[in-house]
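Trainee: Questions regarding the structure given below will be posed in turn.
The values are calculated or read from the model by the stated rules, or taken from the named source; none is laboratory data. Because the structure is a prediction, the values reported are computed rather than measured. When we count neighbours, we look across all protein chains shown, and the Cβ atoms used for this are built from the backbone with ideal geometry, even at glycine. Ligands, DNA and RNA are excluded from the accessible area calculation, which covers all protein heavy atoms including side chains. Shrake-Rupley method; radii C 1.70, N 1.55, O 1.52, S 1.80 Å.
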Amino acid sequence: MALLFSAIRVLLGLFFSACGAVKLTERVSGDLHLQLKSQFVQFADVFPLKEFGYKPEPAHYMEVVGWIEVVAGLLLAFGPQLLQELSNFVLTIVMIGAIYTLLVLKEPIAMCTPATVCLGLLLLLNIRGRGRCAKSKFE
């Protein structure tokens, strides 16, 4: 069972890293990068902190999210335990923000599915990690 969770963690981390790389450069997929650029204009319009007077510039917003995904994804996949847990938390926040953004934009539910699945897997890994820590404390 531990092997299954390790495989999920590595694959999910690599998936996040790949998604972040697409946001950072058009060399991975030029068409997808351009599509994301236009979507981040909409995402910036509904940024949660906009209510407090902060609206990010879309290109910078996309770049920051891209770097977060690349670094946190690599740490989730290959980092030490503490950094895996930290990156899981950071990516969980990113996925909650993605789902929030898509719901506010009234996107079809199919658009929310990838972020929801990723969030579910991150939470599964988090619960698995917590169970392992609690178990080792009592042994």
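Trainee: Here are some conditions: (1) in contact with a helix residue (DSSP H, G or I) (Cβ under 9 Å, 6 or more places away or on another chain); (2) modelled with pLDDT of 90 or more; (3) open to solvent by 90 Å² or more (accessible area, probe 1.4 Å). Lys23 meets all but one. Which one does it not meet?
Mentor: (3)
Trainee: Here's another thing I want to ask about it. What residue, of Val90, Val28, Val10, is open to solvent by 30 Å² or more (accessible area, probe 1.4 Å), over 17 Å from Cys118 (Cα atoms) and β-branched (Val, Ile, Thr)?
Mentor: The match here is Val28.
Trainee: Out of Phe52, Phe40, Phe15, I need the residue that is touching a Pro at 6+ places or on another chain (Cβ under 7 Å) and among the aromatic types (Phe, Trp, Tyr). Which one?
Mentor: The conditions single out Phe40.
Trainee: Do we have any residue at all in region 41-56 that's among the β-branched types (Val, Ile, Thr) and either in contact (Cβ under 8 Å) with a residue 60 or more places away in the chain or open to solvent by 50 Å² or more (accessible area, probe 1.4 Å) (or both)?
Mentor: Yes; the residues of region 41-56 include at least one that is among the β-branched types (Val, Ile, Thr) and either in contact (Cβ under 8 Å) with a residue 60 or more places away in the chain or open to solvent by 50 Å² or more (accessible area, probe 1.4 Å) (or both).
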